[in-house]
């Protein structure tokens, strides 16, 4: 499992609002390039984001589904990108001070070819990607906070 943590200068509810906006997924998730559809009720357990991964013309269509949700502190996803595999992604939001949130992102490859890669190789690939993902999430949450 790979874990990355960032502190966001925004209220936990503002950070979760970005997570709860399925249409913003490709704005903060590195690799997701296009959202085709968001199931009604997102982010309820079982709902999905239908997205594409990659760059045109090499786009892979797949989905990300909600495994668990506890507003506004937890969102756990089953993120797929076949034929590469699938990962369990857990985003935990902890208020550390007023208008300050610690976001902990854990990712574990659970299916596909990536699962047989050594942990060190997985970390070398996922940690930089997930740091950038959390930077983007932070920017969106702060931007929403500023526009209130």
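Per-structure values
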read-out	value
Test: residue 105 is in contact with a helix residue (DSSP H, G or I) (Cβ under 7 Å, 6 or more places away or on another chain) and over 16 Å from residue 14 (Cβ atoms)	yes
Any hit, the range 120-137, residues being in contact (Cβ under 8 Å) with a residue 60 or more places away in the chain, over 16 Å from residue 29 (Cβ atoms) and out of contact with any helix residue (DSSP H, G or I) (no Cβ under 8 Å at 6 or more places or on another chain)	yes
Test: residue in the range 108-125 that is buried (at least 19 other Cβ atoms within 10 Å of the Cβ) and closer than 24 Å to residue 9 by Cα	no
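Where a number appears in this text, it was derived from the coordinates with a stated rule and is not lab data. As the structure is a prediction and not an experimental result, all values here were calculated from the model. Reconstructed Cβ throughout: ideal geometry from the backbone, glycine too, with neighbour counts over all protein chains shown.
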